[in-house]
1. Just for strands (runs of 3 or more DSSP E) wholly inside the stretch 362-449: which have at least 3 residues that are open to solvent by less than 30 Å² (accessible area, probe 1.4 Å), touching a Gly at 6+ places or on another chain (Cβ under 8 Å) and closer than 24 Å to residue 336 by Cβ?
2. Given the conditions (1) of a type in the set (S, T, N, Q); (2) part of a helix (DSSP H, G or I); (3) at pLDDT below 75; (4) within 17 Å of residue 416 (Cα to Cα), which single one is not true for residue 488?
3. So, in the stretch 328-337, exactly how many residues are surrounded by fewer than 24 Cβ atoms within 10 Å (Cβ to Cβ) and in contact with a Ser or Thr (Cβ under 7 Å, 6 or more places away or on another chain)?
4. For the stretch 63-110, please list each of the helices (runs of 4 or more DSSP H) lying entirely inside it that holds at least 1 residues being more than 29 Å from residue 227 (Cβ to Cβ).
5. Name the residue, out of 342, 250, that is in a strand (DSSP E or B), of a type in the set (A, V, I, L, M, F, W, C) and at pLDDT 90 or above.
6. Output the residues belonging to the stretch 368-388 that are within 23 Å of residue 424 (Cα to Cα) and not hydrophobic (A, V, I, L, M, F, W, C).
7. In the stretch 36-57, what residues are open to solvent by 50 Å² or more (accessible area, probe 1.4 Å) and among the hydrophobic types (A, V, I, L, M, F, W, C)?
8. Of the residues that make up the stretch 460-475, is at least one open to solvent by 60 Å² or more (accessible area, probe 1.4 Å), assigned to a loop (DSSP other than H, G, I, E, B), in the same structural domain as residue 391 (by the TED database) and modelled with pLDDT under 70?
Amino acid sequence: MTDPIEPSTSCGTTVIHPRREPFDHGLLPIQKLIFSDPTQSLTALKKKLLDSSSNHRVDSAAISDSLQISTDHAKLLLDTLASVHHSDSEPLVRNEPGQNDAVGADVHDLVLLLYIQSYKRLLPRSHKDSASVADVWPSTSAFDGYFSALSPLQLMRSNSRRFMPSQADEEAHQLLYLQKHLGNILSLLAEPGEGEGEGEESLVLTMDRFEHLGFLVQFGDKAEGNCLSQSSPFFANSDPDMPAVPVPLAQVHDWLMQNITSALEHISERTSAKENGPASATDQDVAMTDACTVSAKSSTSTRDSSFIEGISKSSYVKHASDIKGSSVKVLNCQESTIYVLAPLRYAIVYGCSDATIVLGAVGKAVRVEHCERVHVIVAAKRICIANCRECVFFLGVNQQPLMVGDNHKLQVAPYNTCYPQLTEHMSEVGILPTVNRWNETLALGMLDPHDSLSHPAGVSDAQAESATCVDPDQLTNFVIPNWLVGESTGSTKDNPFALPDAYAASQLRNQKSLGELRQLIQEASLEENRKREFSSVLHVHFKDWLHASGNIRQLYCLQGE
């Protein structure tokens, strides 16, 4: 009989957290990946995959055959696993885009990713005053569900953001999910021990199998370098030259359950203290004006994320030195231009409208959700677009853009900007400028089985609406103002992603036409009153174009200067 092991979540010590990345970026709306009995199904699947492999790794062909899914979906599963994996030393993570089959996926990591496909996202809390949210946005095409019942401006003014799931709410929800399923998850990683006993009593976890749990949980606030075994009492300080002794499964289960329980209590205590204490700065009303000064706020989380929230009718810029952590969330911004000119691992854009959002270089994954009339410009390895309307995406992406959920009137275009540090930032996070799959969109299910909100019956297998390509003659370069970057940005000829031939030819024609027009104007001998009339006509048409194209937002930056 061993002494009980104390959890690591007491005051002053390290707290266990769920890893957000698999839950934020690793869930795919593919029905065949969601099992009614995941333990039984995945136990049989794991055995089949291990029997077919000599090194515990499988490629897309083996995954496709075992799960009875298409090869494209099997490759997508590999890409998804690579994008949310916890270890940068994992061969699948280090591989170049399109080469994942060369190394394959570790069966145990794959099984964990498949298991959490049963996860349901947290429901929003109901609003206590329905009358205060009667004036919803956008009036002509409101999304289903409470999240989009309010405009970003209303969210800031009414304090109703308190009724949306907070980071603590989501973390508690994920911990409860792991608590409920921990026994099943551990059994998928366990193996028979050499001692006495039968069935589950004989199961043990080796140090290597235990380390796979780092895919789902971490100790402390830093995601990078998450070596789970060194945070445990079982394998910490093990001799690297001697194999660590396997630990009984029940002992690991009890220790993790104690840690999860302590973490949930810790979250509950913090939430209670916040609700009973004075309102924090992030909960207070913020005066929103039409001025170009930033009237909302950005905050940094202790969990390795920066937040940009509630920016309205403003311009806002974040550089690499301003980002504390490796991920950014841009939430509930409207009628603004947001610049995040930094190397990142993950990014989420949620609930924004009538805005332009420039994300520097995102090496893992970007998710854009519940946005309307937003222009997103991003260099990334991977992007998922869900439940968006009338948005345009200017992409430099190494993987196929995913379209999921209830999308309408989306457009995609090749990447169209540059800033001085872009190439350096792309290199830092592993984005290849030679691979751009911007127009190879992959549409998955219209309905998200991971969403807890109810859906109309009869459309569960409907495919999401894809996107059309921006006409080459309509593509314009997006110039980031020099004063935002402190040096000349150069021109978009410095764009690290080569423009497709049709777009390059159109730009050359436009430049030639512009040159000819300039020459005609210079050579024209107009009387002074005719010059003023001509100038007035040009200004009127230019102003109309600014409004029609949405480029009027860029003037907020110049006015701010």
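The values are calculated or read from the model by the stated rules, or taken from the named source; none is laboratory data. Since the model is a prediction, treat every value here as computed from it, not as a measurement. Cβ: placed from backbone, ideal geometry, glycine included. Neighbour counts: every protein chain shown. Remember, those area values only see protein heavy atoms, side chains included, never the ligands or the DNA or RNA. Shrake-Rupley method; radii C 1.70, N 1.55, O 1.52, S 1.80 Å.
1. 375-380
2. (2)
3. Summing the residues that are surrounded by fewer than 24 Cβ atoms within 10 Å (Cβ to Cβ) and in contact with a Ser or Thr (Cβ under 7 Å, 6 or more places away or on another chain) in the stretch 328-337 gives 2.
4. The helices (runs of 4 or more DSSP H) meeting that bar are 71-84.
5. Among 342, 250, only 342 is in a strand (DSSP E or B), of a type in the set (A, V, I, L, M, F, W, C) and at pLDDT 90 or above.
6. 381, 382
7. Listed by number, the list holds a single entry, 44.
8. Within the stretch 460-475, one or more residues are open to solvent by 60 Å² or more (accessible area, probe 1.4 Å), assigned to a loop (DSSP other than H, G, I, E, B), in the same structural domain as residue 391 (by the TED database) and modelled with pLDDT under 70.
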